[in-house]
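Presented below is the structure to which this report refers.
Values in this text are rule-based calculations from the coordinates and carry no lab data. In this text, all values refer to a predicted model and were calculated from it rather than measured experimentally. As a convention, Cβ positions derive from the backbone with ideal geometry for all residues, glycine included, and neighbour counts pool all protein chains shown.
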Amino acid sequence: MRTKQFKSESKKLMDMMINSIYTHKEIFLRELISNASDALDKLYFKSLTDNAVGIAPEDFEIRLEIDKDARTLKVIDNGCGMTEDELDKNLGTIAKSGSFNFKQENEKKENVDIIGQFGVGFYSAFMVSDKVTVESKAYGSDEAFLWSSSGAEGYTIEPCDKETVGTVVTLHIKESTDDENYDESLDQYRISSLVKKYSDYIRHPIKMEFTTKEPVKKEDGDENKEPEYRDVTEIRTLNSMIPIWKKAKSEIKPEDYNNFYKEKFYDYEDPARVIHSKTEGQATYSALLFIPKHPPFDYYTKEYEKGLQLYSKGVLIMDKCADLLPDYFSFVKGLVDSEDLSLNISREMLQHDGQLKLIAKTIEKKIKSELEKMLKDEREAYEEFFKAFGIQLKFGIYNDYGMHKDTLKDLILFRSSNEKKYVTLKEYIERMKEGQDTIYYACGETDDKIEMLPQTDAVKEKGFEILYLTENVDEFSIKMLGEYDGKKFMNICDDNLNLDSEDEKKALEEENKAAEDMFKAMKESIGDKINAVRFTNKLKKHPVCLTSEGGISLEMEKVLNSMPGTNDNKVKAQLVLEINANHPIAEKLKTLYNDDKELLGKYAKLLYGEACLIGGASVPDPVEHSTLVCELMTK
Ligand code: ADP
């Protein structure tokens, strides 16, 4: 018999299990029970349509057997079992493919509880065992096989004798050490309390032989003797089998919800919010939904699959029903249990199921109103939530041609020039200055960079609040919104930004007209990187800035051009070099235009470079820029 090697990731995981001083060792049992329960579900499902299965619904069960002398704990099920091939594939590799990505950032974040985060499944058996065997006979097969492993070196598979279909997992429990008490895994009370704690809702009975002491009735004349006891054994069902979502809310403690969530959805942190509802009427269903505190590690990758578990009368029929969640709420985890869905409905049929659509609609409303409640009553928690998932809501506004913008517009937050705290659009409007009819925003990589924009000072000085847009998606969703409460949005870097009075406007116009030829000369030497040069009043201390004409800002140009497939089709913002009309440089330029046109050209290039730098971009030609600066310095 050949010893096979574990796939490398599995081996790594196995090493971690064996050597872990892992604090949640107790989860091994719930993982094995959960596997057994899945296997029972599969065969139960089959038995609904196939009489040949020959097991009555009430006979599907999980049994736990403790043998203290042999130091073994067995988890036995009469579920679907595994073939030789399945034993090899399922137990030789990590099933949750991709979910255990060591290579990536998780290894760096040392304080992240990797094991808790992923729910390690079968391998967690090695946290308490020095050897694990799995005997299994698959439904429909007349052969059984024994999988066996003592750790990271590998595993073997050989034929074995097993009468009935199903699986027996045998854990050879480690010897206790000074630091670790493994004996408790062989203690019936301990095991039974673990089942209650983690697996109570499992809908198949989890049975165990329980031994208790019973006083032996004394014979006449024995009254003064020491009392005697004898062992009484009985088979007990350890779990209540009622799914948590079917219980009355008053019976459920917050930690019950939290434990259920963490175990079921592989999170190491309690959820931010729990939504538990029972709906009757057009659609009758229970929903148990969770808003996580942080995104799962793969949330912002294309591997992430949204969806809710779908049950029909307590039986799982689909693990990730995507149709139940809109994309912008894809972070929600949870389940729906409906009375009205047929058990063997297919994925394709589900998509057209009116009942399901109805459920999806009410679920969306529930999530929205929960978020609104959180925003209203628990601002801090909402802001934390928003840091984790806000970007998804903003995408929601932008996607589908803005179809959902009204649903989402009151759920989004931006930081702003007021105290740099988060503000909703509604709050912005409420504290707008009298006479202000525009919502101002600015884009940049960070708040600090936005504050350094030349235009920022002038807008702030006028008493207008500025929304700080630091995510790529931000300006796109703002543009999609178009307006809020009748107020238009404006980028402070837009050339239309006009904070002047009528008189000031007029004066500037005249000044620009008079300098037309000078601007033309300046533009010529800068080239077609810009569309025009002109004076502005919108700058306070800065000499220059770049603004954009038309719909596309510099930030949008950056984002759009960084998207794949845009290589030959670059978008270009139409830029204007604006010069502070009240800065000494304005006079200097005018003098140069009369006295030294060549030097004016160099100044124009330098000013353009400066404007790029101040705006948070790089100088297009650093060598030329620095040569020009040196030339001026040595003059
Ligand atoms: P997961 O349960 O998340 O898929 P595990 O490592 O716990 O990951 O299990 C791997 C696979 O092994 C399961 O998906 C299942 O196909 C199979 N398996 C584990 N235990 C059993 C069992 N008791 N009966 C049948 N199949 C099982």
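Just how far, in whole angstrom, is segment 582-606 from segment 203-259 if you go by their alpha carbon centroids?
93 Å
I need LYS262, LYS462 ordered by Cβ neighbour count within 10 Å, fewest first. Walk me through the intermediate numbers first.
Values: LYS262 21, LYS462 12.
Arranged by neighbour count, lowest to highest, LYS262, LYS462 become LYS462, LYS262.
Measuring from a point 7 Å past the Cα of GLU587 along Cα-to-C-beta, which residues in segment 511-532 have an amide N at less than 11 Å?
none
Considering only DSSP beta bridges with both partners in the chain, what is the antiparallel share in %, to the nearest 5? Working shown, then result.
On the way: 72 of 93 bridges.
Percentage antiparallel, nearest 5: 75.
Once Rh for segment 498-553 is found with the Kirkwood sum over Cα pairs, what is the Stokes-Einstein diffusion coefficient at 25 °C and 0.890 mPa s, in µm²/s? All intermediate terms of the calculation are to be shown ahead of the outcome.
Details: Rh = 12.7 Å.
The calculation lands on 193 µm²/s.
So, by mean Cβ neighbours within 10 angstrom, what's the order for 162-168, 255-261 with the highest one leading?
Numbers: 162-168: 19.1, 255-261: 17.4.
Ranking the peptides 162-168, 255-261 by packing returns 162-168, 255-261.
With N set to the residue count of segment 510-592, report its C-alpha Rg divided by 2.2 N^0.38 Å to two decimal places.
Details: Rg = 15.0 Å, N = 83, 2.2 N^0.38 = 11.8 Å.
With N residues counted in segment 510-592, Rg over 2.2 N^0.38 Å equals 1.27.
What shape does segment 571-624 have by the C-alpha gyration tensor, where a ≥ b ≥ c are the square roots of the eigenvalues, rounded means a/c under 1.5, and otherwise prolate means a/b greater than b/c and oblate the rest?
On the way: a/c = 2.15, a/b = 1.59, b/c = 1.35.
Taking the square roots of the gyration eigenvalues as a ≥ b ≥ c, segment 571-624 is prolate.
What share of Cα pairs, in percent, lie more than 17 angstrom apart in segment 467-606?
66 percent
Taking a ≥ b ≥ c as the square roots of the Cα gyration tensor eigenvalues, with a/c under 1.5 meaning rounded and otherwise prolate when a/b beats b/c, else oblate, which class fits segment 250-314? List each step's numbers first, then the result.
Working: a/c = 2.37, a/b = 1.35, b/c = 1.76.
In terms of gyration-tensor shape, oblate.
Assuming a ≥ b ≥ c are the square roots of the Cα gyration tensor eigenvalues, decide whether segment 375-442 counts as rounded (a/c under 1.5), prolate (otherwise, with a/b larger than b/c) or oblate.
On the way: a/c = 1.93, a/b = 1.19, b/c = 1.62.
Oblate, since a/c reaches 1.5 and b/c is not below a/b.
Take every DSSP beta bridge with both residues inside segment 519-635 and express the antiparallel ones as a percent of the total, to the nearest 5. Don't skip to the end; give the middle numbers.
Numbers: 6 of 11 bridges.
Counting DSSP beta bridges with both partners in segment 519-635, the antiparallel share is about 55 percent.
Take THR72, THR627 and order them by how many other Cβ atoms sit within 10 Å, fewest up front.
Values: THR72 18, THR627 12.
Fewest-to-most ranking of THR72, THR627: THR627, THR72.
Among the aspartates and glutamates, select those whose C-alpha is under 20 Å from the C-alpha of LYS162, and discard any that sit fewer than 8 residues away in the same chain.
Straight-line reach from LYS162, under 20 Å: ASP59, GLU61, GLU65, ASP67, ASP77, GLU84, ASP85, GLU86, ASP88, GLU135, ASP142, GLU143.
Sorted by average packing, counted as other Cβ atoms within 10 angstrom per residue and highest first, what order do 616-626, 196-206 take?
On the way: 616-626: 13.5, 196-206: 20.1.
My ranking of the peptides, most packed first, is 196-206, 616-626.
Given the Cα-Cα distance of LYS197 and ASP319 and 0.36 nm per residue of separation, how much length would full extension add, in nm? Can you show the working numbers first?
Details: separation 122, 0.36 × 122 = 43.92 nm, distance 2.30 nm.
Net length gain for the segment: 41.6 nm.
Helix 502-514 against the longest principal axis of the chain: what's the angle in degrees, Cα atoms only, rounded to the nearest 10?
Here the helix axis deviates by roughly 70 degrees.
For the residues LYS488, LYS605, LYS558, what sequence is obtained by ranking on other C-beta atoms within 10 Å, fewest first? Please report the intermediate quantities before stating the final value.
Details: LYS488 11, LYS605 20, LYS558 16.
Fewest-to-most ranking of LYS488, LYS605, LYS558: LYS488, LYS558, LYS605.
About the Cα centre, and with charges only on the beta carbon of Lys, Arg (+1) and Asp, Glu (-1), how big is the dipole of segment 502-544? Nearest 20 debye, please.
Values: 10 positive and 10 negative charges, 63 e Å.
Using Cβ point charges on Lys, Arg, Asp and Glu, segment 502-544 gives about 300 debye.
Can you give me the convex hull volume of the Cα atoms of the chain, divided per residue and expressed in Å³? Show your work: numbers first, answer last.
On the way: hull volume 159.6 nm³, N = 635.
Once divided by residue count, the hull of the chain is 251 Å³.
Set the Förster radius R0 to 25 Å, insert the Cβ-Cβ distance between ILE242 and ARG190 as r into 1/(1 + (r/R0)^6), and round the FRET efficiency to 0.05. Don't skip to the end; give the middle numbers.
Numbers: r = 23 Å, r/R0 = 0.92.
Working from the Cβ atoms, E equals 0.65.
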